[in-house]
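Presented below is the structure to which this report refers.
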Amino acid sequence: MRLILILSVFLFSCQAKSQKTDRKPNVILINVDDLGWSDLGYMGSDYYETPTIDSLSKTGVVFFQAYAGASNCAPSRATMLTGTNTPTHGIYTVSPADRGNPKTRRLIPSHNEDTINPSSYTLGNLFKDQGYVTASIGKWHVSENPTDFGFDVNVAGSHRGNPGKDGYFSPFNVSPVDSVQDGEFLTDVLTLEAIDFVEKNQSEPFFLYLPFYTVHTPLMAKEKDIARFAAKKTEPGRDNATYAAMIYNMDQNVGRLLAKVNALGLAENTLIIFTSDNGGIRAVSHQDPLRAGKGSYYEGGIRVPLIINWAGKFEAREIQTAVSQMDFFPTLKEVIGAESELEQLEGKSFLSLLKGENMQAADLFWHFPIYLEAYQPKKDGSRDPLFRTRPGSVIRSGDWKLHHYFEDGELELYNLKEDVSETNNLAESNPEKAAELMEKLNQWREKYQAPIPTEKNLEFDPLFEKSQAEKVMQKD
């Protein structure tokens with residue numbers, strides 16, 4: 001009888017261990033809003049303090065050439081969540097698409113959607129169909145409710161793109177959020193919701209999408225944190241104590257969440273992704289040596305931080321291969337062993353890079369057939385002082401990057417290996433490379449039926465445009 005009992009305990013222990021080993025991995029995708037590529041300690045900043053993220057980078061896979069699918073919030077998120085590029089889901093910007101003074105726009109912009117199609121198959125659907133419990137906690141911004149797209153839980157997610165006036169301290173403008181005491185900080189509350197979700201679902205595989213509203217404007221932070229950075233020595237282009245305080249608070253909250261994952265014994269079965277939805281606002285924080293910032297298709301607007309960490313699975317390494325957030329979908333699909341074919345996916349799995357294997361980088365494309373007005377003309381670093389971006393397309397192929405503008409047909413060609421700041425336009429001196437990339441760009445646009453605006457804007461006034469450009473550059 002005793003022998004039978006011992007064998008039973010042994011068999012149960014082996015079965016439990018096998019079940020734990022065979023269980024699909026949990027996935028936590030942390031998407032910070034408007035966090036710049038270099039606004040982190042591990043990227044060399046002494047002013048910003050991010051000890052949690054720095055630690056994550058030391059034990060994880062760090063991508064130095066990772067890209068958002070677009071240079072601002074909604075289209076970037078739609079691209080990541082659906083695994084499709086902007087011409088497919090139709091979201092090019094946060095509406096409206098005709099930003100800026102009409103007298104300065106030469107073309108009528110293409111149609112812009114503000115919601116992903118109700119039939120869209122998202123990351124939430126993917127994980128849900130694989131038996132995961134799913135949650136979106138934070139900024140959604142691509143429809144009214146993520147529960148329509150495979151998420152079991154929604155906290156604070158809607159069409160809203162920022163917390164609103166005074167919105168980082170409760171009572172909050174975002175909903176739904178459980179009632180909290182007045183004066184609580186939004187990032188803290190969202191993290192507590194995330195921790196609660198992990199605790200409640202620790203016994204089954206879960207997918208937690210945590211898109212913080214921070215560090216999007218309005219810039220707001222706790223007074224003690226602001227004081228911490230107001231007393232520090234600043235860096236060129238990095239001197240906003242409130243912004244630094246928001247980054248610091250975000251980092252602390254990521255630390256709280258990861259501490260809970262570790263305390264529950266889930267670290268070895270949880271894949272962590274840390275990234276940002278687009279580049280940082282250059283008027284708030286410079287991304288040097290990258291040019292420009294949020295809203296621009298120069299590197300500062302689309303290159304983003306990316307760390308992927310899975311304890312015991314992926315060895316720490318640094319990756320220089322260019323990847324896109326559009327690649328998350330096929331990568332995660334492969335990680336969790338989802339066998340269903342998804343013809344919609346336009347990205348490429350980079351699981352081989354995570355495993356330490358070599359991979360040929362795919363060509364990357366961006367399409368922006370609309371207008372986005374300037375933020376602060378003297379600081380934006382854009383092509384002209386009136387717009388962060390005018391209608392155009394961009395391709396990155398290997399070390400080369402080509403910008404094509406629709407208003408005047410102008411081309412800009414850069415070798416990012418030699419000129420990451422995109423200051424030396426080689427389109428005229430290297431017409432062969434420009435033609436090669438232009439051919440690839442045309443083929444891609446034709447394949448995905450990318451709209452190119454051609455209708456003239458009858459309100460356009462070239463003299464007014466010139467005077468406005470001169471005027472804004474003279475302002476203090």
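Pairwise Cα distances in the stretch 152-290 exceed 21 Å in 48 percent of cases. Of all lysines in the structure, the ones whose alpha carbon falls short of 17 Å from that of Lys128, not counting any fewer than 8 places away in one chain, are Lys24, Lys200, Lys333. Using R0 = 51 Å, the C-beta based FRET efficiency linking Glu428 and Lys224 works out to 0.40.
Note on Asp148 and Gln344: with the Förster distance fixed at 22 Å, the Cβ-Cβ geometry gives a FRET efficiency of about 0.80. Take the Cα of Phe464, go 7 Å toward its beta carbon, and the backbone nitrogen atoms of the stretch 98-134 under 19 Å from that spot belong to 98-109.
Approximating the spin labels as points 7 Å out from Cα along Cα→Cβ, the Ser203-to-Asn173 distance works out to 4.2 nm. Run the reach check for Lys471 against lysines, Cα to Cα strictly under 22 Å, same-chain hits fewer than 8 apart removed. What comes back? List returned: Lys103, Lys378, Lys379. At q = 0.11, 0.12, 0.13 Å⁻¹ the log10 of I(q)/I(0) for the chain amounts to -0.89, -1.06, -1.25, computed by Debye summation with a single uniform scatterer per C-alpha, solvent ignored. Between 0 and 90 degrees, the angle of helix 73-82 with respect to the longest Cα principal axis of the chain falls at about 50 degrees. For the chain, the relative contact order comes to 22 percent (Cα pairs under 8 Å, sequence separation of at least 6). Across q = 0.18, 0.24 Å⁻¹, the stretch 151-232 modelled as identical point scatterers on its alpha-carbon atoms has Debye log10 I(q)/I(0) values of -0.81, -1.21, in the order of the q list.
Counting only DSSP beta bridges whose two residues both lie in the chain, roughly 55 percent are antiparallel. Here's the list of lysines a cross-link from Lys58 could span, going by alpha-carbon distance under 24 Å and ignoring same-chain residues fewer than 8 apart: Lys260, Lys313, Lys355.
Determine the gain in length on full extension of the stretch Glu184-Asp363; use 0.36 nm per residue of separation and subtract their C-alpha separation, reporting nm with one decimal.
Details: separation 179, 0.36 × 179 = 64.44 nm, distance 4.44 nm.
Working it through step by step, the gained length comes to 60.0 nm.
What does the C-alpha gyration tensor say about the overall shape of the stretch 290-350? Classify as rounded when a/c is under 1.5, otherwise prolate if a/b is larger than b/c, or oblate. In terms of gyration-tensor shape, oblate. With K and R counted +1 and D and E -1, the other residues having a Cβ less than 15 Å from that of Tyr92 yield a net charge of +2. Projected over every direction and averaged, the convex hull enclosing the alpha-carbon atoms of the stretch 366-474 yields 7.8 nm². Among 183-195, 65-77, sorting by the average number of other beta carbon atoms lying within 10 angstrom of each residue, highest first, gives 65-77, 183-195.
Every read-out reported here was derived from the displayed coordinates using simple, explicitly stated rules and does not represent laboratory data. Keep in mind that what you see is a predicted model, and the values were worked out from it rather than measured. Reconstructed Cβ throughout: ideal geometry from the backbone, glycine too, with neighbour counts over all protein chains shown.
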